[in-house]
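Dumping the structure here so I can ask a few things about it.
Quick note: the coordinates plus some simple rules give every number you see, no bench work behind them. Model, not experiment: these values are computed from the prediction. Neighbour counts are summed over all protein chains in view; Cβ atoms, including those assigned to glycine, are modelled from backbone coordinates with ideal geometry.
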Amino acid sequence: MQTLTNANGRNSTATGLMVTKGVSYPDDRALQLNVINGVIPSNSVAGALAYLSVPSSTPINTPDTRAQLISILSNPNVSSLLFLMGVFAILADLYHPTIILSVVGVVVVAGALFGFGVFGASPLAVLLMIIGVGFIFLEVKTAHGISATLGVVIFVVGFLLIFQFPPASSSAPSPSNPIPPQAANFSGIPDITYGLLVALGAAIVIASLYLRSIREALRKRPKVNDPSVLIGKEGRMESDLPAGGRGVAMVSSEEWTVTSTEALQRGDAIIVKAVKGQTLAVEKVSGYR
């Protein structure tokens, strides 16, 4: 950059800092430092070309779909939020497996990581974000909300480090170095990004607890075809049953294969005492025929 700007009579110190320190200048400051020729009073390509007296017939190359996608992913706000959304999708799929959410989550996370690479995110920042994700997934085991909360906090710290620019210069301004020293700062993060991070982080914590409670409830719910729920239920023999043999009984409006240590006759009232596979062990209810 310094070689190019020197060759064109520009301020190589100022442009060098743009590359090495991430310094940016407003229009008037860039003009003052001899970084630019001037400012075009137009926000459109057509207006800029007209201002520069470029013929309207001049062909204009516009970004294709791939270039536009890369441009979107290279926005650290977008990449960071996509990263967190992908993690949320995978986490949700762990509680309620559908495969689809996991695939979508992996694709979104991969896109976010690609975006981090495009704009040169700090390896430390990306590492912290991945560690944060690890703690979020740990919530699947702990189920107390602490791991998810800690994971979101670590993720946000890594996210903020992406926007931390180092000081632009460590020396005082001089003719050869006209840029005043600047402190490290967190810039470029709009308020809406903070809001979305907080909302999405809180959603992950709350959803992890909620999904965990749903999974536990489903786990404790009796299975529809689980014969063990019939223990203690009464029924009636539909066939004769020799001692130690097998017969058929009606229990809870369904016919089941039953066995008993005593001989039973058709019509006897029985009670289920145990379950052996899909066979019910029954006994005759005293006092009933």
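Which of Val285, Val45 comes first, and how do the rest follow, when ranked by fewest Cβ neighbours within 10 Å?
Values: Val285 14, Val45 11.
Placing the least packed residue first, the sequence is Val45, Val285.
Over the alpha carbons of region 227-284, what is the largest minus smallest coordinate on each principal axis, giving the biggest first in Å?
25, 19, 15
For Lys233, what residues show an amide H to amide H distance below 5 Å, using hydrogens built from the backbone and excluding near sequence neighbours?
Amide H neighbours of Lys233: Val272.
A further question follows. What list do you get for Thr13, Thr58 if you sort them by fewest beta carbons within 10 Å?
Working: Thr13 17, Thr58 7.
The order, fewest Cβ neighbours first, is Thr58, Thr13.
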